[in-house]
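> Pasting a structure here, questions to come.
The values are calculated or read from the model by the stated rules, or taken from the named source; none is laboratory data. Everything numeric in this text was worked out from a predicted model, so none of it was measured. Don't worry about glycine lacking a Cβ; one is built from the backbone with ideal geometry, like all the others, and counts go over all protein chains shown. Side chains included, ligands, DNA and RNA excluded: accessible areas come from the protein's heavy atoms. Shrake-Rupley method; radii C 1.70, N 1.55, O 1.52, S 1.80 Å.
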Amino acid sequence: MRLNRIITGAMLSSFMLAAEPQQQFETAVAAYQQGDYHKAAQIWQALALEGNTKAQFELAKLYSMGQGVEQDALQAAYWLEQAASNSTDFAESFRAQQDIASGLQQHKSQQAGVVAEALPAAVPDTSTVKTADSVNSAADDTARAADSAAAQASSKPKEAKPPELAVLALTEANFDIGMRAFQRQRYDEAYSHWYPLAQAGEVDAQFNLAAMYANGYGIQTDDTEAAHWFSQAAEQGMAQAQYQLAVAHANGKGLAQDDALAVYWYRKAAEQQYVLAQYNLGFMYANGRGVTQDDASALLWYERAAAQGDVDAQYIVAERYQSGRGAPADINQAIGWYQRALEQGHARAGYQLAHYYLRGQGVAKNESRAFDLFSRAASQGLIEAQRELGISYSIGRGVRNNDSKAVAALEAACNGRDATACYYLAVYLSEGRGVKTDEARAALLFEQAAEAGDMEAQFRLGVLLSQGDTGVVDEAAAFDWFKRAAAQGHAEAQYLTALRLANGTGTEQNDAEAVKWYQRAAEQGVVFAQYNLGFMYGAGRGVAQDDEKALYWYSKVAATGDADAQFNLGLRYETGKGVRQDDKQAVKWYQKAADQGHQRALAYLGYMYEKGYGVSMDERKAFDLYQQSLSARVPRALTALGLFYKNGRQVKADDKKAAELFLQAAEQGYANAQYNLGWMYEYGRGVSKDLAKARDWYQRAAEQSEPLAQAQLSRLLNP
């Protein structure tokens, strides 16, 4: 094959911008508003390829409406998918989808009879010629936009039609002369040389002729004819032609749309190490297009493209190793691929790496490194990075605290419609940090972020409205924002929502609803909610009166993790002190305390297992628990353990050990231990036989109304 002689269509015009990404984006917005959709599309396309989420959303809209680009539902779906997968702003994604849906509806009404759901995918315009060793990567990136569409009946390209221009005889045709003519834009002369060579089977000429038809160089654009010649070259094994033919099948351009055939030709090219085909084959497996959806195969082909330096593939591979999609999660692999993508300037890869450094996950924790990466990605226009940069300056994370710089970064991210950034900026404005206090604007930003779904902003706005910080107290509005934040899981908002429902503040009084929200907040550990829930159960407000549940929640306030409190609560349930006796509840609380190493809880839990109270009887477990609690010298456990040794249960019989354990408990005044120690002295088990000591220990136990001791004492005193 001749190197440096194969032409291929560039999918995009070369468009170099020196301005910063945000300025570029604003330029595109201005162009769009002035009706210059083509210019807007060029700018947003360039930014989208760099990973700019906002530009990806806008580009999806343009493709959906056919503004500045040929209308292409597949391209629209692709860019929307890319943006949604990269965006942390759900509201932004939702708005973009609404805009696209609205635009398509408008288009359908304007174009009666056109089925919007079956819009054909377009091969993007080609405006520059590239040789085989310098294919325009942006062009091929755009070709990756093949997204899900119903498979159509497959067909091969039609036979070639007669030449449109004069052609030379085969003996006079010369490929190199045709290339020189093409480079001088003498397309008719190039055509005259390449057409007969292509008919004669010259693969390079077939490919270049296909490119001329695809791009309309000197002839009328003809997708069918382009597909025919790409097919001819593809069947001779040219990887570039196989790739272009696959794209044509995927997009239904010049022949019937057929994902299965697209996969076939992508695979042919991919197996020849054609990187763009490897990427697209990964895409087809990932989305189940033309093949059964298979994450493992998708990762395999993405990774092959990544290994050849495709930056988008490197980022996708990193994401998949991070999430464990297609292979077991592997943080080291993820970091490695993010690093390789970062080295090629991929902004979002740097953003992801920054979070690893922040957490010290897979790498040594390094907040300074994280800050540098956020800063770099922010300078590339990545909104989320601008937000994190602002937060870093705000809290001195990896950099010296600087409120002014924090405000500047948060302002940029907020202008990019990042709800969280708007929230933090509002906090600065309300507190007058790094910027002049502006309560009015702060309220507007809180509301903007709250409307976008930021729950912290929703909660903060509720507080402002309830306290009158916006200039007027509005309890109804405050309740609405508290409830929105509560629905997203904000614990304090759940408590305040419940409180207002219970008191009828800003809403109708509703005890049943109040209990529901108290319950949610209580389960998140809000102490006041736990207390109020106990009150509702005790008073029977909004729920059936239930003393046990009332006690449970009251107790939970005291037992927020304190092992002593957990033990005491278990003791109450076991003895029925202040609560209905409940062995299962006793075991539950003993276990919680025991899990924290509480020695007395271990001893009492052992007793429950020994007796089968509240739990299945398990002497082995009881014995082990008693052993673990020895250092606490709990009389109940010492006595029980002594009996295990005395009777040879779960352990080899050992009277001496038994007597020692009985003595430790007896000296603490435990009646049953005193009785058992007296018995050991009476019969000389583990100690020297001593009736005087036996009588003494029986006497002590009898004085505590120990019935067995009383009987033994009576027998000894009345032989």
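> Do we find that Ala364 is open to solvent by 30 Å² or more (accessible area, probe 1.4 Å) and among the hydrophobic types (A, V, I, L, M, F, W, C) in this structure?
Yes: the conditions hold for Ala364.
> Can you pull out every residue in the stretch 21-71 that is free of Cβ contacts under 8 Å to residues at least 60 places away in the same chain and basic (Lys, Arg)?
Matches in the stretch 21-71: Lys39, Lys61.
> Any residue at all in the stretch 691-699 that is open to solvent by 10 Å² or more (accessible area, probe 1.4 Å), basic (Lys, Arg) and outside any helix (DSSP H, G or I)?
no
> Looking at this structure, is Arg325 touching a helix residue (DSSP H, G or I) at 6+ places or on another chain (Cβ under 9 Å), of a type in the set (Lys, Arg) and within 20 Å of Trp79 (Cα to Cα)?
no
> Let me ask another. Within the stretch 559-593, take every residue that is in contact with a helix residue (DSSP H, G or I) (Cβ under 6 Å, 6 or more places away or on another chain), at pLDDT below 80 and surrounded by fewer than 21 Cβ atoms within 10 Å (Cβ to Cβ) and give me the one that is nearest to Gly606 (Cα to Cα).
Out of the qualifying residues, it is Ala563.
> Related question: Counting only residues that are aliphatic (A, V, I, L, M), closer than 28 Å to Ala378 by Cα and touching a residue at least 24 places away in the same chain (Cβ under 8 Å), give me the helices (runs of 4 or more DSSP H) lying completely in the stretch 400-478 with at least 3 of them.
Per the criteria, 403-415, 419-431, 439-451.
> Still on this structure, I have one more. Restricting the search to the stretch 520-547, which residues are buried (at least 18 other Cβ atoms within 10 Å of the Cβ) and assigned to a helix (DSSP H, G or I)?
Arg520, Ala521, Ala522, Ala529, Gln530, Asn532, Leu533, Gly534, Met536, Tyr537 - these are the residues of the stretch 520-547 that are buried (at least 18 other Cβ atoms within 10 Å of the Cβ) and assigned to a helix (DSSP H, G or I).
> Looking at Leu713, Leu708, which one is aliphatic (A, V, I, L, M), open to solvent by 30 Å² or more (accessible area, probe 1.4 Å) and in a helix (DSSP H, G or I)?
Exactly one residue qualifies, and that residue is Leu708.
> Hey, another quick one. Do you know which of the residues in the stretch 427-482 that are among the aromatic types (Phe, Trp, Tyr) and within 18 Å of Leu496 (Cβ to Cβ) is surrounded by the fewest Cβ atoms within 10 Å (Cβ to Cβ)?
Ranking the candidates gives Phe479 first.
> Condition check: assigned to a helix (DSSP H, G or I) and touching a residue at least 60 places away in the same chain (Cβ under 8 Å). Does Gln206 satisfy that?
Against the criterion (assigned to a helix (DSSP H, G or I) and touching a residue at least 60 places away in the same chain (Cβ under 8 Å)), Gln206 does not qualify.
> May I ask you to list the residues in the stretch 629-643 that are within 11 Å of Arg600 (Cβ to Cβ) and part of a helix (DSSP H, G or I)?
Ser631, Ala632, Pro635, Arg636, Ala637
> Give the number of residues within the stretch 492-510 that are buried (at least 16 other Cβ atoms within 10 Å of the Cβ) and not in a loop (DSSP other than H, G, I, E, B).
11
> Something else about it: Take the conditions in contact (Cβ under 8 Å) with a residue 12 or more places away in the chain, open to solvent by less than 70 Å² (accessible area, probe 1.4 Å) and aromatic (Phe, Trp, Tyr) and apply them to Tyr613. Does it pass?
no
> Identify all residues within the stretch 661-690 that are in contact (Cβ under 8 Å) with a residue 24 or more places away in the chain, part of a helix (DSSP H, G or I) and under 16 Å from Ala640 (Cβ atoms); write none if there are none.
Across the stretch 661-690, the qualifying residues are Phe662, Gln664, Ala665, Ala666, Ala671, Asn672, Ala673, Gln674, Tyr675, Asn676, Trp679, Met680.
> Working carefully through the options Met284, Met238, find the one that is in contact (Cβ under 8 Å) with a residue 40 or more places away in the chain, open to solvent by less than 10 Å² (accessible area, probe 1.4 Å) and within 24 Å of the chain's Cα centre (by Cα).
Answer to the selection: Met284.
> Does any residue in the stretch 570-593 that is charged (D, E, K, R) come within less than 6 Å, Cβ to Cβ, of a residue that is assigned to a loop (DSSP other than H, G, I, E, B) and modelled with pLDDT under 90 six or more places away or on a different chain, and which pairs are these?
Short answer, once both residue conditions are applied: Arg572/Gly578; Arg572/Val579.
> Can you tell me which residue within the stretch 145-183, out of those that are crowded, with 19+ Cβ neighbours inside 10 Å and modelled with pLDDT under 90, is farthest from Gln75 (Cα to Cα)?
For the stretch 145-183, the residue satisfying everything is Pro157.
> Let me ask something else about it. Which numbered condition trips up Ser297, out of (1) hydroxyl-bearing (Ser, Thr, Tyr); (2) modelled with pLDDT of 95 or more; (3) not in a helix (DSSP H, G or I)?
Of (1) hydroxyl-bearing (Ser, Thr, Tyr); (2) modelled with pLDDT of 95 or more; (3) not in a helix (DSSP H, G or I), only one is false for Ser297: (3).
> Among the helices (runs of 4 or more DSSP H) contained in the stretch 311-387, which hold 2 or more residues that are farther than 29 Å from Val407 by Cα?
Output list reads 311-323, 331-343.
> Looking at the structure I just gave you, is Gln236 out of contact with any Phe, Trp or Tyr (no Cβ under 7 Å at 6 or more places or on another chain) and at pLDDT 95 or above?
In short, yes.
> Next question, about the same structure. Across the stretch 661-687, what is the number of residues that are open to solvent by 80 Å² or more (accessible area, probe 1.4 Å) and either touching a Leu at 6+ places or on another chain (Cβ under 7 Å) or more than 25 Å from Leu630 (Cα to Cα) (or both)?
1
> Among the residues of the stretch 579-603, which ones are over 18 Å from Ser631 (Cα atoms) and of a type outside the set (S, T, N, Q)?
Correct list: Val579, Arg580, Asp582, Asp583, Lys584, Ala586, Val587, Lys588, Trp589, Lys592.
> If Ser379 satisfies all but one of (1) closer than 23 Å to Val311 by Cα; (2) within 23 Å of the chain's Cα centre (by Cα), what's the number of the condition it fails?
Unmet condition: (2).
> Looking only at residues in the stretch 218-235 that are among the acidic types (Asp, Glu) and surrounded by fewer than 22 Cβ atoms within 10 Å (Cβ to Cβ), which one is nearest to the chain's Cα centre (by Cα)?
That would be Asp223.
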